[in-house]
Amino acid sequence: MRTTEETEGFDGEASNTSMISGASSPYQPTTEPVHALNVLGGLRCDLEYLRSYFGILKAVEVVLSVIGFICIETVMMCSPCGGVYFFEFVSCSASVVTGVLLLIFCLNIHTKVPHINWNLTDLGNTAISTLFFFLSSLVLACINQGTDAEIAAVVFGFLVSGVFGLNTFLAVRRYRRGNGSQGAAQANDYIRARTASRGEMEARSEIA
């Protein structure tokens, strides 16, 4: 018959063994949130960007641009056709370029090409798209045959112009904020370097 001390010893060893095995087990529960999903080629889909203002705006821009392009493509006859061709070119170009940028930011491809200023690239695309979408929609609104497809294209054109305009405003704010923080960092580095050089000069003068 075991004594009380032996029983307590066995219980302590068993609890320590279970704690060690639990700590070394690779199947530990985790509470870390998932911010990205693995996709083909080792790339990762950034879910946080898709939920951000810029991700949502870009998705809306692509959808509205594609809808506007589909509407203008259903126009069978036009006279004159300058407004139709202009809107067709703008909607197709904007949907392709914005869609490519959306994929680049979602898959974090821009982090692999750091020498490109992606904020400035995004700002340029949104500003140009805003201008040309507004102009093409205005021209199509003035020169059309009054068909349902042309009217729908004009409506979606002005809508996507507004979305691109909002995106441009936010992109300008982000670009200015980034330049301001970069300038402050450079100023801090300059002050730090000047302070260090003064310290070296004072130390040399004291030694001399």
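The values are calculated or read from the model by the stated rules, or taken from the named source; none is laboratory data. Owing to the predicted nature of the structure, the values given are computational and were not obtained by experimental measurement. Heads up, the Cβs are rebuilt from the backbone with ideal geometry, glycines too, and the neighbour counts pull from every protein chain shown. Surface areas here come from the heavy atoms of the whole protein model, side chains and all, with no ligands, DNA or RNA. Shrake-Rupley method; radii C 1.70, N 1.55, O 1.52, S 1.80 Å.
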State the number of residues belonging to region 71-89 that are free of Cβ contacts under 8 Å to residues at least 60 places away in the same chain and within 18 Å of residue 159 (Cβ to Cβ). 3
The condition of being buried (at least 21 other Cβ atoms within 10 Å of the Cβ) and not in a loop (DSSP other than H, G, I, E, B) holds, among 124, 68, 99, only for 68
Residue under evaluation residue 148, criteria (1) surrounded by fewer than 15 Cβ atoms within 10 Å (Cβ to Cβ); (2) under 15 Å from the mean Cα position of the chain (by Cα), criterion not met: (2)
Would you confirm whether any residue within region 42-52 is buried (at least 16 other Cβ atoms within 10 Å of the Cβ), on the phi < 0 side of the Ramachandran plot, among the charged types (D, E, K, R) and not in a helix (DSSP H, G or I)? yes
With (1) open to solvent by less than 20 Å² (accessible area, probe 1.4 Å); (2) touching a strand residue (DSSP E or B) at 6+ places or on another chain (Cβ under 6 Å); (3) of a type outside the set (Lys, Arg) as the list, and residue 164 as the residue in question, which single condition is left unmet? (2)
Do you know which of the residues in region 72-96 that are outside any helix (DSSP H, G or I) and among the aliphatic types (A, V, I, L, M) is nearest to residue 135 (Cα to Cα)? 75
Looking at this structure, is residue 86 under 21 Å from residue 43 (Cβ atoms) and touching a helix residue (DSSP H, G or I) at 6+ places or on another chain (Cβ under 6 Å)? no
